[in-house]
Amino acid sequence: MTVDYWDDLDADLAAVPTNLVLTPEPSRTTPDWTFSTITFSSIGHRGSGRYRAAGYLSIPTRPGPHPGVLEIPRHGSVNHTPHSNDRARYAILTLMHRGQRLADAPYRAPYPGLLIDGIVDASEYVYRGIVADCLRAAEILRSHPGVDSARIAAVGEDLGVLTAARRPFFRALRVDGLLLTDPWRRAESTRAYPMESLNDFRRHGTDDELVAARSTTALYDPLALAGDVTAAALVSDGSASGAALASRLGGTADTLVPTGRDRIDDDARDAWLAAQLGAPAMSRYADAMIPLPGD
Amino acid sequence: MPSDTARFTPRGPVDVDRPDDLDAFWNEALAYLERTAPAAAFVLDETMSGDGVDVFAVAYSSAGGVRVGAWYTRPEGAAPGADLPGILLIPGYISDPTVAKSWSLRGYAVLSVAPRGKVRARDQIDPGYPGLLVDGANDARSATYLGFYLDVVRGLDLLADRDEVDPTRIGVHGSSQGGGLAVATAALRPDLVRCISAGAPYLCGIMSSVRLTLTYPYQEIREYLHIHPEQRAALETAYSYLDVLNISERVACPAQVYIGLGDDVCPPETGFALVERLPHVEQFLTYQGCAHGAGLPWVNEEIDAFLERHLSPSPAAAREHDLIGGNA
């Protein structure tokens, strides 16, 4: 069932032409990198046929090819814009999946609520389209002429595990947080959204709906697909679910148990990725003042 | 981890000019807000309610007739006259407004605001993220952020008007944008706010911050100046009206401020500058090795204790702590 489900998704996506459009962003372009907003086509949303997802793409101007980084969208209506440190080192694509800003017409995702949108029917579950958006973004990054196809990484939440499992060309996978992993069990110990959406569903859904919802989320649990990941991996999560995910990632995963000192943790994550891709490590905390033009 | 205020070397100064007509500007802004009636609607969300908490989807009108939103949570079944302490919760820059069940399980009535541009509040004004910080910002009176501040103030007024809330026991809390605007709200409604807990405060020393980081949202200003260098003086003037440092001396209540000494989003120097200006800093917590999370694993208990001291909720379950910076 699992393999057929994802093969069907791949087939649906393959039938949709990418139709990539790059719009240059002069305000974010510098002598060191070229920055664009992109839109592209992915599978349809509830019968729409096709859907336009979006992203930010920054390519260094120095001679390439460059290591590539796919920033997996976070759970939230907005994603961070790629940081200057990453634009300087990598060809970097930050995806906005369907429902997020820049990709929210006609579907404007609810927050909270995205996690359970369509959950009782695996063929209608909103994450089917979201995974497709991730897979297409991975293809776009890999096919860019400025990208070294042997040095591509995915970073972000555990949606990246599904992406790397279905597109096994990633050299590195950095999992910075859990969303889809072991979701019902993790929901039992929180009243915070997005996981609380599952508790809401459990309180108010029928028994049949609950069975269907669990069946859907089982398909999307990264634990089910982690064995297909060939990339070197870092799981940055100190929970039992994080440990379980790391153990399923082919036995090659590193783990970083967050210390709570997020400057130290962020720098460690940056250094791990840089080492995987052959780039220098950089901290986002500036050593000194940075003059503005005209200072 | 204990708080550590001793070991920090500033990288540069935090300066902001104070406009001569600053008080008139804010009086005019608050009068503008009053021209629009709130027309607030609190609708119980039965799907999200239960297990100890009532959840309401809120819509209200704010400055310029803009319809914005909020989530309101309270202990399940709280009746008029319950005299609940209130918390106004303000989201971070890119965060989606929290449905604050964990706070209400602890005995608080909580209004978690969704100002203009946020999810459920973007039908009329939607500057985007990035975008909000520089939208219309070469004139303080046209800056979208001015309306955003006023949306938060209006949220405080609505919370104080709830029948089940004790209007003399309202605190304001948030981190990052929520921290900066907690201070701003207390400055603009000094008679209504009992205490503020402000983490990693944003919008303090705005133009100085742009020189201390390349991280968003402040990076929006650098990028704006990249293509509009002629607007620099106008931006500096406009931000001097909106800069929280310039109104922080109006705050009349006790404040708790906490920062990470390695914060690349809101430079720690600006947190020190805020503390120097706030009249009643009860607690200033600084954390080595921490960035924009501002000591979350350790500071949560300090936040709970500070708010309990000033707002006296009825005994209730311990609050589930935010360990991933969901409000940042």
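Scanning region A:83-99 for residues that are touching a residue at least 40 places away in the same chain (Cβ under 8 Å) and within 27 Å of B:Val99 (Cα to Cα) yields a total of 4.
When the helices (runs of 4 or more DSSP H) confined to region B:106-222 are screened for residues that are within 13 Å of another protein chain (Cβ to nearest Cβ), those reaching at least 1 such residues are found at B:177-188, B:206-210. Picking from residues in region B:188-211 that are within 17 Å of B:Leu132 (Cα to Cα), among the aliphatic types (A, V, I, L, M) and touching a residue at least 60 places away in the same chain (Cβ under 8 Å), the one that is most open to solvent (accessible area, probe 1.4 Å) is B:Met207.
Residues of region B:85-104 that are within 11 Å of another protein chain (Cβ to nearest Cβ) and of a type in the set (Gly, Ala, Ser): B:Gly92, B:Ser95, B:Ala100, B:Ser102, B:Ser104. Within region B:144-187, which residues are within 20 Å of B:Tyr108 (Cα to Cα), more than 13 Å from the chain's Cα centre (by Cα) and open to solvent by 10 Å² or more (accessible area, probe 1.4 Å)? Hits for region B:144-187 are B:Asp157, B:Leu158, B:Ala160, B:Asp161, B:Arg162, B:Asp163, B:Asp166, B:Pro167, B:Thr168, B:Arg169. Residues that are within 14 Å of another protein chain (Cβ to nearest Cβ) and under 16 Å from the mean Cα position of the chain (by Cα) do occur in region A:218-236. Any residue at all in region A:104-124 that's under 24 Å from A:Ser36 (Cβ atoms), away from chain B (no Cβ under 14 Å) and small (Gly, Ala, Ser)? Among the residues of region A:104-124, not one is under 24 Å from A:Ser36 (Cβ atoms), away from chain B (no Cβ under 14 Å) and small (Gly, Ala, Ser), which makes the answer no. Among the residues of region A:246-292, the one identified as touching a Pro at 6+ places or on another chain (Cβ under 6 Å) and farther than 28 Å from A:His66 by Cα is A:Gly260.
Taking the condition more than 14 Å from chain B (Cβ to nearest Cβ) and of a type in the set (Gly, Ala, Ser), does A:Ala192 pass? Criteria not met by A:Ala192. Criterion applied to B:Gly81, B:Gly52, B:Gly65, B:Gly77 was being within 10 Å of another protein chain (Cβ to nearest Cβ) and surrounded by fewer than 19 Cβ atoms within 10 Å (Cβ to Cβ), and the one residue passing it is B:Gly52. For region B:1-59, which residues satisfy the criterion of being modelled with pLDDT of 95 or more, under 30 Å from B:Tyr287 (Cβ atoms) and more than 22 Å from the chain's Cα centre (by Cα)? Matches in region B:1-59: B:Pro10, B:Arg11, B:Gly12, B:Pro13. Here A:Cys134 meets each of (1) over 26 Å from B:Leu105 (Cα atoms); (2) within 14 Å of chain B (Cβ to nearest Cβ); (3) buried (at least 23 other Cβ atoms within 10 Å of the Cβ) with one exception, condition (2).
Is it the case, given these coordinates, that B:Arg122 is touching a residue at least 12 places away in the same chain (Cβ under 8 Å) and closer than 21 Å to B:Ser61 by Cβ? For B:Arg122, the condition - touching a residue at least 12 places away in the same chain (Cβ under 8 Å) and closer than 21 Å to B:Ser61 by Cβ - is not met.
Cβ-Cβ distances below 7 Å connect the following pairs, each with a first residue in region B:31-49 that is on the phi > 0 side of the Ramachandran plot, a second residue that is surrounded by 15 or more Cβ atoms within 10 Å (Cβ to Cβ) and among the hydroxyl-bearing types (Ser, Thr, Tyr), and a separation of six or more residues or different chains: B:Ala39/B:Tyr60; B:Ala39/B:Ser61. What tally of residues in region B:89-143 results from selecting those that are under 20 Å from B:Asp304 (Cβ atoms) and basic (Lys, Arg)? The qualifying residues number 2.
On the basis of being in contact with a helix residue (DSSP H, G or I) (Cβ under 7 Å, 6 or more places away or on another chain), buried (at least 20 other Cβ atoms within 10 Å of the Cβ) and within 14 Å of chain B (Cβ to nearest Cβ), does A:Arg284 make the cut? Criteria met by A:Arg284.
The values are calculated or read from the model by the stated rules, or taken from the named source; none is laboratory data. Note that this is a predicted model, so its numbers are computed, not measured. Here Cβ is always computed from backbone atoms with ideal geometry, including for glycine, and neighbour counts include all displayed protein chains. Areas reflect the complete protein model, heavy atoms only, side chains present, ligands, DNA and RNA absent. Shrake-Rupley method; radii C 1.70, N 1.55, O 1.52, S 1.80 Å.
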